[in-house]
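Peer 1: Below is a structure I'd like to ask you about.
Read-outs: derived from the displayed coordinates by stated rules, not from any lab. All values reported here derive from a predicted model rather than from experimental measurement. No Cβ is skipped: glycine too gets one built from the backbone with ideal geometry, and neighbour counts run over all protein chains shown.
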Amino acid sequence: MILPSIILLIAFAALVWSADRFVYGAAAIAKNLGVPTLIVGLTIVAMGSSAPEMMVSASAALADKTNTAVGNAIGSNITNILLVLGVTALIKPLLVTSSTLKREMPILMLISLGAWYVISDNYFSAPEGTALLVGFIIFILGLIYIAKNQKSEEEDPFVAEACGDVPSNVSNKSAIFWLVFGLILLPVSSHFLIGSAVEIAQHFGMSDLVIGLTIIAIGTSLPELAACIAGVLKGEDDLALGNIIGSNIFNLLAVLSLAGMINPSDIDPGAASRDMMVMLGATVVLIAMSLNLKGTRRINRIEGATLLCGFFAYQYYIFSQVA
């Protein structure tokens, strides 16, 4: 198990780095072509942290591991809320001020319920995957429309911070190089990641769903963890929380959809009856903590510790089922 574990770690590192380089190149090219910063920031840059999940899910589905792809999407959402947000809030309490985030939280809940309904019959079809992808396109277009037509986009911290991450003064030559480099390394690293993860899972008797929910989900959520910690350390609380909400929406609409579109198949019943329930519960808790009745709209350290305890309890339960 030493060699597969080493390959897994290297593949994770390569996947995260290549995703960052791909987004950097794509955003720079779009900016150089005259695409408005607002659109680039709310699409390419905002989607960047979910690029690893998208590539891994596509690779898993192509390898006839649809349960791994589904587990990756669900597990990443659970990890984002319970682990990433929990650790971030422990470092610094999060103050929620962005109107964009307040709009997106109820949307995240509705999308989560829709995703649960899609796999509740334990079968994921191509039309269902396509419907999720269409929903993703509608969401992106709606987000851009609202941001462009609000009275003053500078008043919204999330929009301003997302647009601030768009690279500028990057030559087309450099942008194209990183775009192509990312396009090559992303599928290669995801291929080795899936292969090594499956080998480890088989050695320990883990199902395809569990490996997606745990090892792969945690690994592909590392960009969100890094972005959130960096955000709160710089005082950009809304950007940190926005990374979580945006990533979770993208995971359910863009990442999960790939599994059904590429390889329609039966789904492990535990995905809908157990893991989706945990994800829905975590989402409700996130909304309650962010939009509380006291009006402070702050996720404090005690709440962060509670989320973190929930993550470890879930992981213990999952692995106890395997044992």
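Peer 1: Residue 33 to residue 181: FRET efficiency via 1/(1 + (r/R0)^6), r the Cβ-Cβ distance, R0 22 Å, to the nearest 0.05?
Peer 2: Once rounded, the FRET efficiency stands at 0.70.
Peer 1: Per 10 Å bin, what is the whole-percent P(r) computed from every C-alpha pair distance within the chain?
Peer 2: Percent of pairs per bin, in order: 6, 27, 37, 24, 6, 0.
Peer 1: What does the net charge come to around residue 318 if you take all other residues with beta carbon closer than 14 Å to its beta carbon, with K and R at +1 and D and E at -1?
Peer 2: -2
Peer 1: Let me ask something additional. In the chain, which whole DSSP H runs stretch at least 30 Å along their own axis (Cα) and average 1.0 or higher on the Kyte-Doolittle scale?
Peer 2: 2-32, 126-149, 172-204
Peer 1: When the dipole is taken about the Cα centre of the range 2-322, and only Lys, Arg (+1) and Asp, Glu (-1) are charged at their Cβ, what size is it in debye, to the nearest 20? Please report the intermediate quantities before stating the final value.
Peer 2: Details: 15 positive and 22 negative charges, 117 e Å.
Once rounded to the nearest 20, the dipole reads 560 debye.
Peer 1: Can you find, among 139, 88, 4, the residue farthest towards the positive end of the dipole of the chain? Put +1 on the C-beta of Lys and Arg, -1 on that of Asp and Glu.
Peer 2: 88
Peer 1: Tell me, 81, 146, 194 in order of fewest to most beta-carbon neighbours within 10 Å?
Peer 2: 146, 81, 194
Peer 1: Let me ask something else. Pairs of Cα atoms under 8 Å, at least six residues apart: use those to get the relative contact order of the range 1-138, whole percent.
Peer 2: Rounded, it is 13 percent for the range 1-138.
Peer 1: Continuing with this model, one more query. With labels modelled as points extended 7 Å from the Cα through the Cβ direction, what inter-label distance (nm, one decimal) is found for residue 191 paired with residue 91?
Peer 2: Output for this residue pair reads 3.5 nm.
Peer 1: Using Cβ counts within 10 Å as a stand-in for footprinting exposure, how do 53, 236 rank, fewest first?
Peer 2: Arranged by neighbour count, lowest to highest, 53, 236 become 236, 53.
Peer 1: Could you identify which residue out of 11, 240, 226 has the top mean-square fluctuation in a GNM of the chain using Cα springs shorter than 10 Å?
Peer 2: It is 226.
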